[in-house]
Amino acid sequence: MLTPRDSSARSPVSPESSGTRHPLSSSSFSLSHSAESPSASPSLVQLPSSASTRSTSGAGHASPARLALPLAITILLFCGTHASAQDACRTVNCAPPGSVPAECQNRATPVTLQVNFTGTTLTTYAFTPNSPKIEEGDCILWSQGSNTTHNSSHSACMDDPLCMVAPVVGCKWDTGNVSTATNPSRTCSYTPASFPGSTSATGVHFYCRIHASPSDTTGMVGDLRVTTKVVLTAQKSGASVDLSWTGGGVTGDFTYDVLRSLNDPRFNRFTTLATGSIASFTDATAVTTPGLYSYYVRNKNN
């Protein structure tokens with residue numbers, strides 16, 4: 001239903017000793033230890049870095065049956081045009097319903113940020129979060145959490161609520177129209193070539209073509225901030241694991257989440273160890289249970 005608007009597979013890295021720091025090209029790593037030798041040198045594994053017809057009748061007294069059939073055809077053709085137009089404006093870096101861009105596959109679960117369409121009325125429709133932060137090369141799952149059709153479109157994309165026209169030059173991403181039932185989510189890829197990382201807090205403006213306009217600063221609009229890569233360094237020291245990192249964040253908002261999973265490198269289940277304006281963390285509980293411990297540091301999204 002449309003509601004119109006008003007006006008990091010990675011190679012293992014073996015440390016030479018448990019006291020040596022190992023910078024990774026990603027914001028995640030794993031270590032394993034056994035019950036027999038919990039203080040042995042850890043094995044660092046880089047996770048995967050982780051698509052109308054008008055009827056006329058002739059003159060004369062045509063029968064009601066002959067008039068009804070063209071009318072029915074007209075209605076069906078109009079509905080068909082409306083439905084097929086939901087995806088014409090989608091950009092190539094956003095996968096079609098049921099698909100995921102190649103760049104977004106085989107990634108640990110928390111690497112792909114989810115941004116929801118929320119609200120139940122025109123005055124409450126919104127993106128949550130509306131100022132998302134991702135690292136360059138990351139992906140976003142734009143997902144339904146509302147009661148009507150929405151979309152996410154870069155402000156340079158054509159302001160076409162029905163999504164009937166192919167993307168124009170300069171349109172960096174458009175999900176196409178995302179309904180509440182038939183296609184409740186879309187995944188888009190944000191490559192470094194098109195979305196280089198920076199510490200700028202301004203971001204790239206986007207909006208919902210159905211419920212806002214490209215120049216709007218309030219309502220169903222947002223700003224995408226693309227940061228530099230978070231580079232994580234780890235050091236196992238006795239019964240603890242010391243983590244520190246650089247990169248990520250934007251001016252005025254260098255906040256992070258520190259995640260840990262046990263025997264689950266894809267982070268389908270994980271624990272948030274710390275969150276906030278931090279650049280290091282010591283995990284003093286990593287060796288309480290033998291197993292494969294995986295860590296991931298990401299930009300915090302409010």
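Since every read-out is calculated from the coordinates, none of them should be taken as a lab result. What you are looking at is a predicted structure, and each value in this text was computed from that prediction instead of being measured. We place every Cβ from the backbone using ideal geometry, glycine too, and count neighbours over all the protein chains shown.
In summary, the aspartates and glutamates within cross-link reach of residue 236, defined as a Cα separation below 15 angstrom excluding same-chain residues under 8 places away, comprise 16, 283. 3J(HN,Hα) along the range 180-190, derived from phi through the Karplus expression 6.51 cos²θ - 1.76 cosθ + 1.60 where θ = phi - 60°, amounts to 7, 10, 6, 8, x, 7, 9, 10, 10, 9, 10 Hz, with x in place of Gly and Pro.
May I ask you to derive the FRET efficiency for residue 121 and residue 205 from their Cβ-Cβ distance with R0 = 30 Å, giving the value to the nearest 0.05? About 0.80, to the nearest 0.05.
Summarising the label geometry, the points placed 7 Å from Cα in the beta-carbon direction at residue 102 and residue 285 lie 4.2 nm from one another.
By the count of other C-beta atoms within 10 Å, a proxy for reagent exposure, 251, 285, 91 are ordered fewest to most as 251, 285, 91. As a rough guide to protection, the peptides 187-197, 201-211 ranked by mean Cβ packing within 10 Å, highest first, stand as 201-211, 187-197. Run down the aspartates and glutamates and flag those whose C-alpha is under 13 Å from the C-alpha of residue 300, throwing out any fewer than 8 positions away in its chain. The reachable aspartates and glutamates, counting only those whose Cα sits under 13 Å from residue 300, are 135, 253, 257. Using θ = phi - 60° in the Karplus curve 6.51 cos²θ - 1.76 cosθ + 1.60, the 3J(HN,Hα) couplings for the range 87-97 round to 10, 5, 8, 5, 7, 5, 7, 10, 6, x, x Hz; x is entered for Gly and Pro. Among beta bridges identified by DSSP and lying wholly in the range 89-227, the antiparallel ones come to about 70 percent. Applying the Karplus relation 6.51 cos²θ - 1.76 cosθ + 1.60 with θ = phi - 60° to the range 235-252 yields 3J(HN,Hα) values of 9, 8, 10, x, 8, 10, 10, 9, 10, 8, 8, 10, x, x, x, 10, 3, x Hz, where x marks Gly and Pro. The tail of the calculated P(r) for the range 246-302, taken as Cα-Cα distances beyond 12 Å, holds 66 percent of the pairs.
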